[in-house]
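Undergrad: Quick one: this structure, given as structure tokens, is what I'll be asking you about.
The values are calculated or read from the model by the stated rules, or taken from the named source; none is laboratory data. Everything numeric here is computed off the predicted structure, so don't read it as measured data. Counting neighbours? That spans all protein chains shown, and the Cβs are built from the backbone with ideal geometry, glycine included.
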Amino acid sequence: MNIYVLMKRTFDTEEKIALSGGKINEDGAEFIINPYDEYAIEEAIQVRDANGGEVTVISVGNEETEKQLRTALAMGADKAVLINIEDEIENGDQFTTAKILAEYLKDKDADLIIGGNVAIDNASGQVGPRVAELLTIPYVTTITKLEIDGTNVTVTRDVEGDAEVIETSLPLLVTAQQGLNEPRYPSLPGIMKAKKKPLEELELDDLDLEEEDVEAKTKTIEIYLPPKKEAGRVLTGDLNEQVQELVQLLHTEAKVI
Amino acid sequence: MSRKVLVLGEVRDGSLRNVSFEAIAAARTVAEGGEVVGVLVGESVSALGAELVQYGADRVVVVENDKLKQYTSDGFAQALVAVIEQEKPEGLVLGHTALGKDLSPKIAGKLSSGLISDATAVEEAGGNIVFTRPIYSGKAFEKKIVTDGLIFATVRPNNIAPLAKDESRTGEVSSLSVDVKDLRAIIKEVVRKASEGVDLSEAKVVISGGRGVKSADGFEPLKELAKVLGGAVGASRGACDADYCDYSLQIGQTGKVVTPDLYIACGISGAIQHLAGMSNSKVIVAINKDPEANIFKVADYGIVGDLFEVVPLLTEEFKKLKVHS
């Protein structure tokens, strides 16, 4: 089976966020594989181990992204592809990324494409379905279970807490929700092997794309931090009195009840 | 510049979701005096058209087909694109719900349009329609405009105030026939897990439990309180990992993002993972035994104490308040 994983390198949002020059300051910040994409990588490896085939992890990013791709290879992916757009695209959006990925994938005869359902930095959740639409293949988002039998696929999907069981078929794109699996940590032998696994680096030119073909369709005009919240009030006194005071405060001061 | 703007009315269990009324309010801003047209897609949904009008739509286009009884991205996209082809709007607004998240990128792809997902505010500024959306797990915000295609956005539930319902408002409800075909992913079964009671993402009040609830039974007092306040129950990752509750309740960086009017965190330490899912709530109450717990730093009001003592007292006190008011 020919399996592709769409991976994004993201800022670890557990980091403190600061602005510099109107942008998020990335200096010294920790970068990680988007956590939802870790589920995608794990699932791809499991599907390959059960059905045979090959897992290729693709990322649209910059040269730093090689580190996260090597981690994916160390987890067990077979090949990695970095589409480096650092020099050409300054302000891409989800259309940009989806268009580039679809252009790469269009002649690859992918049976299964797996991505995370959302990236924790920009959190739009658009790229997976946009890629499927460009490739004219079906997709199922926020999946928690994937069963493949020949070309028939049964998927369980998380819908705001309820579960939908969906029947569909390959070729297919799915996006991973938490609960799909427990992503493995790269083992030491895995890390050693990953150094020798193929990691191809491409640029827009290699995909016959011009900058205007992938020009963003949205524009960020301002980034700002939310106003700092003032320290709240910790109530004191007898517990019964505290509870009464809290209910009064919520009713008359905060006016939420 | 006035525009025609479509809004998809989302139907669940036979009723329109609140977020659809919020989407109409957003569409009114996008329309700048132009027409707001509601769209209903389903098997038998035309009776709901009047309510979309009462909340601010000027008229409604309904696509009914037995193949649209359940949501599928293929079926709903065919229906919505047919309405777009008929109406030729300049704007489109959906709720940022499971359906909206799944469907909107497909529509944007089909129309080769920009899309701004998960907007929490919309305004006209300097000749542009500007959307505000949280990024980096709510630790920062960005203002964004669409530069190509429709002015197309999904709006996060509970953030944009709906217009007041006006039962005297009337508008045309017309139907459009669409040949729905080639559905490539079919729903075989829906297993209800979370949707007993109030929907977590749309709830005005959320009562949330962490490791401090200690067991599945420990959620009982929280459920009681939620019932009295008409709210929903949520959980931290810690509580889910410990198997005290289903992952469908998880609020956080992984899990759901909620922005209720009132968020009551019970026995939750306040890890960054959790704060990412609730820190934009309007009012936060923390109940925790540990006075040093991080959750007190984001709380508006805090009580240091055992949740098993505090929560039942709160429930009683809220009951009294309800009787008096």
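Undergrad: Among the residues that make up segment B:186-199, is at least one of them under 16 Å from B:S281 (Cβ atoms) and in contact (Cβ under 8 Å) with a residue 12 or more places away in the chain? Steps first, answer last, please.
TA: So in segment B:186-199, the residues under 16 Å from B:S281 (Cβ atoms) come out as B:198-199.
Within this subset, residues satisfying the condition of being in contact (Cβ under 8 Å) with a residue 12 or more places away in the chain are B:198-199.
Yes, some residue in segment B:186-199 is under 16 Å from B:S281 (Cβ atoms) and in contact (Cβ under 8 Å) with a residue 12 or more places away in the chain.
Undergrad: Which of the residues spanning segment A:148-200 are facing chain B (nearest Cβ under 10 Å), among the charged types (D, E, K, R), farther than 22 Å from B:S236 by Cβ and surrounded by fewer than 18 Cβ atoms within 10 Å (Cβ to Cβ)?
TA: Within segment A:148-200, just A:E167 meets the criteria.
Undergrad: A further question on this structure: Which of the residues that make up segment B:265-278 are at the interface with chain A (Cβ under 9 Å from one of its Cβ atoms) and crowded, with 21+ Cβ neighbours inside 10 Å?
TA: Pass one, segment B:265-278, residues at the interface with chain A (Cβ under 9 Å from one of its Cβ atoms): B:271-273, B:276.
The answer is B:A276, and nothing else.
Undergrad: Quick one: which strands (runs of 3 or more DSSP E) lie wholly within segment B:1-77 and hold at least 1 residues that are of a type in the set (K, R)? Don't jump to the end; show me each part of the working.
TA: Working: elements: B:5-9, B:36-42, B:59-64.
Filter on segment B:1-77 gives B:59-64.
Undergrad: If you don't mind, there's one more thing I want to ask. Where in segment B:216-315 are there strands (runs of 3 or more DSSP E), lying wholly inside it, with at least 3 residues that are touching a residue at least 24 places away in the same chain (Cβ under 8 Å)?
TA: Details: elements: B:232-235, B:262-266, B:283-288, B:301-304.
Those strands (runs of 3 or more DSSP E) span B:232-235, B:262-266.
Undergrad: In segment B:169-195, which residues are in contact with a strand residue (DSSP E or B) (Cβ under 9 Å, 6 or more places away or on another chain), over 30 Å from A:L135 (Cα atoms) and either part of a loop (DSSP other than H, G, I, E, B) or of a type in the set (K, R) (or both)? Explain how you work it out, then say what you get.
TA: Step one: filter segment B:169-195 for residues in contact with a strand residue (DSSP E or B) (Cβ under 9 Å, 6 or more places away or on another chain), giving B:171-178, B:180, B:184-195.
Then drop every residue that is not over 30 Å from A:L135 (Cα atoms), which leaves B:171-175, B:191-195.
Within segment B:169-195, B:G171, B:E172, B:R192, B:K193, B:A194, B:S195 meet the criteria.
Undergrad: A follow-up question, please. Looking at B:K282, is it basic (K, R) and within 8 Å of chain A (Cβ to nearest Cβ)? Quick ask: steps written out before the conclusion?
TA: Values: basic (K, R): yes; within 8 Å of chain A (Cβ to nearest Cβ): yes.
Considered against the rule, which asks whether it is basic (K, R) and within 8 Å of chain A (Cβ to nearest Cβ), B:K282 comes out as yes.
Undergrad: Continuing with the same structure: Among the residues of segment A:164-214, how many are hydroxyl-bearing (S, T, Y) and out of contact with any strand residue (DSSP E or B) (no Cβ under 7 Å at 6 or more places or on another chain)?
TA: In the first step, residues of segment A:164-214 are kept if they are hydroxyl-bearing (S, T, Y); the result is A:168-169, A:175, A:185, A:187.
Among the residues that remain, those that are also out of contact with any strand residue (DSSP E or B) (no Cβ under 7 Å at 6 or more places or on another chain) are: A:185, A:187.
Residues flagged as hydroxyl-bearing (S, T, Y) and out of contact with any strand residue (DSSP E or B) (no Cβ under 7 Å at 6 or more places or on another chain) within segment A:164-214 amount to 2.
Undergrad: Checking A:T252 against (1) at pLDDT 95 or above; (2) more than 22 Å from B:I295 (Cα to Cα): exactly one of these is not met. Which one?
TA: Among (1) at pLDDT 95 or above; (2) more than 22 Å from B:I295 (Cα to Cα), A:T252 violates only (1).
Undergrad: Of everything in segment B:292-306 that's modelled with pLDDT of 95 or more and in contact with a Lys or Arg (Cβ under 8 Å, 6 or more places away or on another chain), which residue is farthest from the other protein chains (Cβ to nearest Cβ)?
TA: Result: B:D306.
Undergrad: Another question, if that's okay. So which residues in segment B:106-161 are surrounded by 21 or more Cβ atoms within 10 Å (Cβ to Cβ), free of Cβ contacts under 8 Å to residues at least 40 places away in the same chain and within 7 Å of another protein chain (Cβ to nearest Cβ)?
TA: Answer for segment B:106-161, where residues must be surrounded by 21 or more Cβ atoms within 10 Å (Cβ to Cβ), free of Cβ contacts under 8 Å to residues at least 40 places away in the same chain and within 7 Å of another protein chain (Cβ to nearest Cβ): B:K106, B:G109, B:G114, B:L115, B:I116, B:S117, B:D118, B:I135, B:Y136, B:K144, B:V146.
Yes/no matrix, rows are residues, columns are (1) on the phi > 0 side of the Ramachandran plot; (2) outside the structural domain of B:G267 (by TED's automatic domain parsing); (3) not aromatic (F, W, Y):
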{"site": "B:V198", "(1), (2), (3)": "no, yes, yes"}
{"site": "B:G212", "(1), (2), (3)": "no, no, yes"}
{"site": "B:F219", "(1), (2), (3)": "no, no, no"}
{"site": "B:E224", "(1), (2), (3)": "no, no, yes"}
{"site": "B:G230", "(1), (2), (3)": "yes, no, yes"}
{"site": "B:G234", "(1), (2), (3)": "no, no, yes"}
{"site": "B:R237", "(1), (2), (3)": "no, no, yes"}
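Undergrad: Looking only at residues that are within 22 Å of B:V298 (Cβ to Cβ) and assigned to a helix (DSSP H, G or I) in segment A:231-247, which one is farthest from the other protein chains (Cβ to nearest Cβ)?
TA: We begin by selecting, within segment A:231-247, every residue within 22 Å of B:V298 (Cβ to Cβ); these are A:231-236, A:242-243, A:245-247.
Applying the additional criterion that residues be assigned to a helix (DSSP H, G or I) yields A:242-243, A:245-247.
On the way: A:Q242: 5, A:V243: 4, A:E245: 9, A:L246: 6, A:V247: 4 Å.
Here the answer is A:E245.
Undergrad: Mind counting the residues in segment B:162-194 that are within 24 Å of the chain's Cα centre (by Cα), more than 14 Å from chain A (Cβ to nearest Cβ) and among the aliphatic types (A, V, I, L, M)?
TA: Total satisfying the criteria: 2.
Undergrad: Restricting attention to segment A:207-230, which residues are assigned to a loop (DSSP other than H, G, I, E, B), free of Cβ contacts under 8 Å to residues at least 12 places away in the same chain and more than 7 Å from chain B (Cβ to nearest Cβ)?
TA: As a first pass, look at segment A:207-230 and keep what is assigned to a loop (DSSP other than H, G, I, E, B): A:208-210, A:215-217, A:225-230.
Cutting the leftovers down to free of Cβ contacts under 8 Å to residues at least 12 places away in the same chain gives us A:210, A:226-230.
Answer for segment A:207-230, where residues must be assigned to a loop (DSSP other than H, G, I, E, B), free of Cβ contacts under 8 Å to residues at least 12 places away in the same chain and more than 7 Å from chain B (Cβ to nearest Cβ): A:E210, A:P227, A:K228, A:E230.
Undergrad: Please work out which residue is surrounded by the most Cβ atoms within 10 Å (Cβ to Cβ), limiting yourself to segment A:99-140 and to residues that are among the small types (G, A, S) and farther than 17 Å from A:T10 by Cβ.
TA: Residues of segment A:99-140 among the small types (G, A, S): A:102, A:110, A:115-116, A:119, A:123-125, A:128, A:132.
Restricting the remaining residues to those that are farther than 17 Å from A:T10 by Cβ gives A:102, A:110, A:132.
Numbers: A:A102: 20, A:A110: 20, A:A132: 27.
Ranking the candidates gives A:A132 first.
Undergrad: Going by the conditions given, is A:E210 farther than 30 Å from B:G231 by Cβ, within 22 Å of the chain's Cα centre (by Cα) and in the same structural domain as A:A72 (by TED's automatic domain parsing)? Steps first, please.
TA: Values: farther than 30 Å from B:G231 by Cβ: yes; within 22 Å of the chain's Cα centre (by Cα): no; in the same structural domain as A:A72 (by TED's automatic domain parsing): yes.
When the stated conditions are applied, A:E210 does not pass them.
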